[in-house]
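Quick note: the coordinates plus some simple rules give every number you see, no bench work behind them. All of these numbers come straight from a predicted model, not from anything done at the bench. Ideal geometry is used to build each Cβ from the backbone, glycine not excepted, and the neighbour counts take in all protein chains shown.
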Amino acid sequence: MECHSMIHGHVKDKVAIKAAVYYGFHHGTDDLTIQANKTLAEVLLKDNGYMYQSTGIYTHPILQEVIKEQWFDSKNADGIKYSASFHPIPDTCIALVFTVVEFVVHRWASGRHVKGGAFAKASFDEVYTCHLSGLEAWRSFCWVHLCSCTKIKHNMFNLLCGVSNCFSHCSCTMHPLLCLFSKFSSHSLSLHSILVFLFSQAAAPSGV
């Protein structure tokens, strides 16, 4: 595997290229473009808005794209060769990508993209640690969040490997109850509704 400093640099380069496309920044020198970029950067940096997509937290497409190009770009890539360490996608990869995303968004904060500049991990250690803590806190909040996070990470690995993202065909080792909850987590159902369903199934006559 590459050393950490090389990985950080490569991830930064990939995010820098993709940020304009995925977040909507525009290169330009007119006042309107500069103000639009500044406003966009403020919105993205507020409450880690850059992590969100309409489908929820940790689902922004830039995450999967960067992970794919950094660790799954060929059959000899680290994500394939060391698949046991990448299935499911580890928190450290997710935290690193979004830490670098924040670094890049900051470079748009003036309204114009500030090119160059090495990613100084030491200055973003707190951001990285916060992302790791955030992932753990999200999982620990409730069963549905735990299953949703697990599902996202397993599906991402399977998709990046070119494997079906259906749990019934992957090597996922989730407990069956977690798998059941993960199916519900994609719908807006309350825990009460889930429990009612489970009890109704348990009470159903055999052979029905």
For region 3-112, just say rounded, prolate or oblate: build the C-alpha gyration tensor, square-root its eigenvalues into a ≥ b ≥ c, call rounded for a/c under 1.5, and beyond that prolate if a/b exceeds b/c, oblate if not.
prolate
Need one number: nm distance between label points at Glu136 and Val43, each 7 Å from Cα along Cα→Cβ, rounded to one decimal.
3.3
Modelled label-to-label distance, Ala77 and Thr29, 7 Å Cα→beta-carbon offset: nm?
3.8
Given points 7 Å out from each Cα along the Cα-Cβ axis, report the Arg112 to Ala20 separation in nanometres with one decimal.
1.4
Mark the label point 7 Å from the Cα of Thr129 along Cα→Cβ and return the residues of region 83-97 whose backbone N is within less than 20 Å of it.
91-97
Whole-Hz ³J(HN,Hα) for each residue in region 40-45, computed from phi via Karplus 6.51 cos²θ - 1.76 cosθ + 1.60 with θ = phi - 60°, x for glycine and proline: what do you get?
4, 4, 4, 5, 5, 7
In sequence order, what are the phi-derived ³J(HN,Hα) couplings for region 23-36 according to the Karplus relation 6.51 cos²θ - 1.76 cosθ + 1.60 with θ = phi - 60°, rounded to whole Hz, with x for glycine and proline?
10, x, 6, 10, 7, x, 10, 6, 4, 5, 5, 4, 5, 5
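Please work out how many pairs of lysine residues in region 1-84 are eight or more positions apart (or on different chains) and have Cα atoms closer than 18 angstrom. If you can, show how the numbers build up before the last one.
On the way: Lys12/Lys68; Lys14/Lys68; Lys18/Lys38; Lys18/Lys68; Lys38/Lys46; Lys68/Lys81.
Step by step, the pairs that qualify in region 1-84 add up to 6.
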